[in-house]
Amino acid sequence: MQLKRTSRIVLSLTGQSIRYAKVHRAGQNVQVSDQKVLTFDFASFWSAPLTADNALSQLLKAHGISRNKVIIGVPAQWCLFDEIRLPKLDQASLKSAVGLQAEQRYNRSDRAFTCDYMSPVADDDMWSVTLGAMAASHVAALQFALEQVHLKVHAIIPTSVLLHDLYQTDASKRWQYTAWLRNDQVELFCWNHKKFAGMNLLSVSSDHLNGDLHQHLYDTVRQQIMQDELIHAVDAQNQNVQLFWDHEHDCDAQWFSKPTDARRWQIHDKPNAGRGATRVGNDLIALGQLVLSEETPTLDFADSRLHQKQTQTTHPWRNRLILIGSLVLILVGLLGYDLYSLNQQVSELNTQISELEDGTDRAGSIIKLVQRAENWFSTEPVYLNCQRSISRAFGSTEHIWASNLSLRPDMMGLMNGYAHSKDHIVHLIDRMKNQPDLSQIKLLYMRDSNAKNDTEIAYAISFVYEPAKATAKPSEPQATENAGGEQ
């Protein structure tokens, strides 16, 4: 029967190098192949990580590491760890409280952190939660560099935490230590019933790497544990120590079987893949088991539970209130802006109305002036022309004159005056009849005036003025008539 074969890539970062391997799963077995150690300077990488030609992408591309799913183990010295204690809340409230505590602890002005937390452990009536944090810029830089070579990041986890989580020691022991030897440093973690209690980075001098590495490591770790005993005030017999090695060192368990030491040393030697095969470090095996099992890592900075969607909480009303409040604020802002715009428009319209009123008043004054001029120019010439026609009828005699002349809008005229004799009045009527623009001439009366000398005769004549006929040539009074009138 042919078993399904799956391969994944694991990268163990040690701060000075990159330990690479390809892991395979054939049924329930996990095999490691293509193991490499790539020297890499992370200090220079952090200075310019977000570039297409960054050093990490170039290194992976040069060794043909691309197009796969990858899990990354990082040194614990790149991370921050804290234990927090919280009341026993439900899962959603606990997650919110953990997120708030992480924000308060790792909210720094100089850099941002990506945080995650381990499953809470019950301790009396409290929850004990282990927080982990890694610089957000480092997480983003690693993801970006691997995406450039088409590597999908499955998880970014602290290697020491993974080793402790996968290789459990005797759970009856209160204090347990996990020591991972990598290069010339040892990461020493202290756990108290699955609760994080502290982390130390121990240096192992290169002078001890040849002959007495195990003895020096034993003394270094034991000395650190003795210091922790003073802090925790517990008996040495209540402690276990797990030792993990990378593939560059040989392990001899007899160095740690000391009759004077009551603690238990659990040695995780490098497993063999077969006779003559290359030995593999515990870190690569642990990373491979995790990526092939598709299990959720204890701490994962690539997919932090604190950054997952809030829909997992049991208090959706908080999100609803926030959403409703945001919508209300947006609506109030829009209404305020509309009100402000309307006020601006009203002010502009009032200004325009005031300007129009002033313009209307000025236009009304001009119209009245024009109408007045038009009325004068349309009516005054009529009266003047009428007066001119009557003046022609009078001629140049001094024996008859007019004292009053009126002309109605319907062109009906009335003239009053005096004459020295009735003949002058009769001659005037005849001459008026000769004017083409005067018609319907009637003598209303002719009588002696009330003057003291009784030599004047008063008269009144009505007539109709026809402006349309004013263009005709008027008849000139005859000299004989004037002469006869003067006799």
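The values are calculated or read from the model by the stated rules, or taken from the named source; none is laboratory data. As the structure is a computational prediction, the values presented were derived from the model and not from experiment. Counting neighbours? That spans all protein chains shown, and the Cβs are built from the backbone with ideal geometry, glycine included.
For the criterion of being under 26 Å from Tyr117 (Cβ atoms), surrounded by 18 or more Cβ atoms within 10 Å (Cβ to Cβ) and of a type in the set (A, V, I, L, M, F, W, C), Phe45 fails. Assigned by TED's automatic domain parsing to the domain that holds Arg182, surrounded by fewer than 23 Cβ atoms within 10 Å (Cβ to Cβ) and among the β-branched types (Val, Ile, Thr), is that true of Val153? Spelling it out, Val153 is indeed assigned by TED's automatic domain parsing to the domain that holds Arg182, surrounded by fewer than 23 Cβ atoms within 10 Å (Cβ to Cβ) and among the β-branched types (Val, Ile, Thr). Annotation: of all residues in the stretch 207-245 being closer than 25 Å to Pro158 by Cβ, among the polar types (S, T, N, Q) and surrounded by fewer than 12 Cβ atoms within 10 Å (Cβ to Cβ), the one that is modelled with the lowest pLDDT is Gln227.
Name the residues in the stretch 13-63 that are among the small types (Gly, Ala, Ser), touching a Phe, Trp or Tyr at 6+ places or on another chain (Cβ under 8 Å) and in a strand (DSSP E or B), would you?
First, pick out the residues of the stretch 13-63 that are among the small types (Gly, Ala, Ser): 15, 17, 21, 26-27, 33, 43-44, 47-48, 52, 55, 57, 62.
Now drop any that are not touching a Phe, Trp or Tyr at 6+ places or on another chain (Cβ under 8 Å), which leaves 15, 17, 55.
Ser17, the sole residue that qualifies.
For Lys22, the requirement of being at pLDDT 80 or above and within 24 Å of Leu162 (Cβ to Cβ) is met. Tell me yes or no: at least one residue of the stretch 102-120 is charged (D, E, K, R), closer than 20 Å to Thr298 by Cα and under 28 Å from the mean Cα position of the chain (by Cα). Scanning the stretch 102-120, I find at least one residue that is charged (D, E, K, R), closer than 20 Å to Thr298 by Cα and under 28 Å from the mean Cα position of the chain (by Cα), so the answer is yes.
Whenever a residue of the stretch 39-56 is free of Cβ contacts under 8 Å to residues at least 24 places away in the same chain, its partners that are of a type in the set (D, E, K, R) and surrounded by fewer than 17 Cβ atoms within 10 Å (Cβ to Cβ), lying with C-beta atoms within less than 8 angstrom and at least six residues away or across chains, give the pairs Ala55/Asp41.
Residue-by-condition table, conditions (1) assigned by TED's automatic domain parsing to the domain that holds Leu299; (2) of a type in the set (A, V, I, L, M); (3) farther than 30 Å from Leu243 by Cα:
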{"site": "Arg67", "(1), (2), (3)": "yes, no, yes"}
{"site": "Leu131", "(1), (2), (3)": "yes, yes, no"}
{"site": "Ala140", "(1), (2), (3)": "yes, yes, yes"}
{"site": "Val149", "(1), (2), (3)": "yes, yes, yes"}
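Scanning the stretch 409-450 for residues that are in contact with a Phe, Trp or Tyr (Cβ under 6 Å, 6 or more places away or on another chain) and free of Cβ contacts under 8 Å to residues at least 24 places away in the same chain yields one hit, Ile441.
In the stretch 88-146, the residue that is surrounded by the fewest Cβ atoms within 10 Å (Cβ to Cβ) out of those that are small (Gly, Ala, Ser) and not in a helix (DSSP H, G or I) is Ser109. Within the stretch 48-58, being surrounded by fewer than 11 Cβ atoms within 10 Å (Cβ to Cβ) and closer than 24 Å to Gly281 by Cβ holds for no residue.
Applying a threshold of 6 Å to beta carbon distances and a minimum spacing of six or more residues, or different chains, the list of pairs starting in the stretch 208-235 at a residue that is closer than 21 Å to Cys190 by Cβ and not assigned by TED's automatic domain parsing to the domain that holds Phe189 and ending at one that is part of a helix (DSSP H, G or I) and modelled with pLDDT under 75 is empty. Scanning the stretch 451-465 turns up no residue that is in contact (Cβ under 8 Å) with a residue 40 or more places away in the chain and not in a strand (DSSP E or B).
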